[in-house]
There are 2 protein chains.
Amino acid sequence: MVRRTRFNDSDCPVARSVDAIGDWWSLLIVRDAFDGSRRFGEFQRSLGVAKNILTARLRVLVAGGILDVVPAADGSSYHEYVLTPKGKDLFPVIVALRQWGEGHFFEPDEPHSELIDRRRGRPLRALEVRSADGRRLDPDDTVVNKVDQPRTPAGTRPE
Amino acid sequence: MVRRTRFNDSDCPVARSVDAIGDWWSLLIVRDAFDGSRRFGEFQRSLGVAKNILTARLRVLVAGGILDVVPAADGSSYHEYVLTPKGKDLFPVIVALRQWGEGHFFEPDEPHSELIDRRRGRPLRALEVRSADGRRLDPDDTVVNKVDQPRTPAGTRPE
DNA sequence: CAGAATCCTATGCGATACTG
DNA sequence: CAGTATCGCATAGGATTCTG
């Protein structure tokens, strides 16, 4: 009955995001879109995914407002797929995944595709989680307010 | 032959990250770990996932060095699952997904679980992608160097 | 409570062939 | 080249039962 594992109804934004993206293919399609891919064939060759899967994923991404379909720039009768503003807002997600991967799955000298600052040609700064007033935050410096407990009653959990 | 869709051999850090995480359940387990869950039952109730799936995912996360198994703090004979440093490095990924979800899948007044700065009790600052020298970067301000083209030959692609 | 062990079904996804 | 249409298998993952 459930089309796939669905998290949509959760009150957690992470769950809804995950649900909206759909699957890993979709995320890699978005990555490719950030990397400049626009055409069906570009995605297909880059990902090596079956064409029917790609078709389905593109459709879902478009329906989800992450990609937009525009007429091909070369005048052909085909489409191009471009990121919507909502899609572009996934930039930090992709960058975060990229940096995590760079840090943990490549040898120091192992070559890998690299996201660079176009202007200076240099790699990006590592993402930093910060408080509203600008302090760097580690995971332990944060807490999650569940929705059923709108605020911590005063004094955190009786640890 | 392929156990699941695998992206492991890619030279793209995003693909390797995605592959290492495994699936959405795993990511939500990590989210819960950041939120303070440690016990099997906590994850299970929070996620509503089948126990065999949870068992399998926990195992993979431990094998992948994202979670660690430690003896239960309450002296029982069970385990607790805690984030390794590598797991904690996923913090920006979770935060990025959270913020994307907050921005696009909730009405302005719709309640949702919220990650807050423990010290001030306030929501976090939005993640910002920055260059090495600190400039804010939009997607269009960046380029990806594929590994087969170690550097852009001088003058970007003939656009 | 924390798992392990089975069983079963829906479906993700790859492969291939067809169309315009 | 950019899809659409079919087929088929592997498996993710849900439900249930059993154990220390």
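No lab work stands behind these numbers, since they all come straight from the coordinates. Predicted model, so just to flag it, every value in this text is computed and none were measured. Positions of Cβ are generated from backbone atoms using ideal geometry, with glycine treated the same way; all protein chains shown enter the neighbour counts.
Structure summary
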| read-out | value |
| --- | --- |
| Ratio of the Cα radius of gyration of region B:66-126 to 2.2 N^0.38 Å, where N counts its residues | 1.51 |
| Under 13 Å, Cβ to Cβ, from residue A:68 - net charge with Lys/Arg +1 and Asp/Glu -1 | +3 |
| Karplus-derived 3J(HN,Hα), 6.51/-1.76/1.60, for each residue of region A:126-143, Hz, glycine and proline x | 5, 4, 10, 7, 10, 6, 4, 8, x, 6, 5, 10, 8, x, 6, 8, 10, 9 |
| Cα-based Rg of the protein assembly as shown normalised by 2.2 N^0.38 Å, two decimals | 1.02 |
| Highest to lowest packing among B:19-25, A:114-120, A:47-53, scored as the average C-beta count within 10 Å | B:19-25, A:114-120, A:47-53 |
| Inter-site label distance for residue A:109 and residue A:136 at 7 Å from Cα along Cβ, in nm | 2.9 |
| Calculated P(r) tail over 19 Å for region A:1-77, as whole % of Cα pairs | 40 |
| Among B:111, B:13, B:85: highest mean-square fluctuation, GNM of chain B, C-alpha pairs under 10 Å | B:111 |
| Helical contribution to [θ] at 222 nm, DSSP H n ≥ 4, -39,500 (n - 2.57), averaged over chain A, rounded to 500 | -11000 deg cm²/dmol |
| Under-5 Å amide H pairs with residue A:130, H placed in peptide plane, nonlocal only | A:137, B:125 |
| Shielding by other protein chains, A:133-143, mean Cβ within 10 Å | 6 |
| Inverse of mean 1/r across different Cα pairs in chain A, Kirkwood, Å | 18.7 |
| Listed residue pairs exceeding 26 Å between alpha carbons, taken from A:51/A:88; A:146/B:88; A:51/B:51; B:51/B:88; A:51/B:88; A:146/B:51 | A:51/B:51; A:51/B:88 |
| Residue A:142 long-range amide H proximity, modeled H, under 5 Å | B:118 |
| Euclidean distance between Cα centres, region B:82-104 to region B:1-73, Å | 13 |
| Other protein chain Cβ atoms within 10 Å, averaged over every residue that makes up B:105-116 | 6 |
| For residue B:68, residues with placed amide H under 5 Å, excluding near neighbours | B:82, B:83, B:84 |
